[in-house]
1. If you take Kirkwood radius over Cα pairs in Å from the coordinates, which of (i) 14.6; (ii) 15.1; (iii) 13.8 do you get?
2. Tabulate in residue order the Karplus-calculated ³J(HN,Hα) for segment 3-10, using 6.51 cos²θ - 1.76 cosθ + 1.60 with θ = phi - 60°, rounded to whole Hz; enter x for Gly and Pro.
Amino acid sequence: MNDYLDVLKKYTLFTGRAGLREFWMFSLFNFIIAFVLSFLPILLGIEALGLLYFIYILGVLLPSLAVATRRLHDTDRSGWWQLIGFIPLIGIIILLVLLALKGQEGKNRFGPATA
């Protein structure tokens, strides 16, 4: 949970590096929260609650882009590599592989390694 909150605190920080744990724990909590919010209107029968899902998605858009950029920096790649995800089918697979790669040991052009 701390990793999730740390990413939200650095929501506009596109510099530096993010380790595997920071990125994937944020992604996990983000998925769980979005999943629960998407089914809340169905479970409670209140359609207006569907708006919470869209507000949440808009709220975590910038932190998601920032942490993905920092994650790519950890593998010594530019954050612009996220755009490869727009290539149909293969693009998202390539992006997921890049995000799952082990980060560079020590310092790289984006700064020192994170814990």
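1. Only one option fits the structure, namely (ii).
2. Values per residue, Gly and Pro as x: 4, 4, 5, 4, 5, 5, 5, 9 Hz.
The numbers here are math on the coordinates, done by the rules we state, and not lab data. As the structure is a computational prediction, the values presented were derived from the model and not from experiment.
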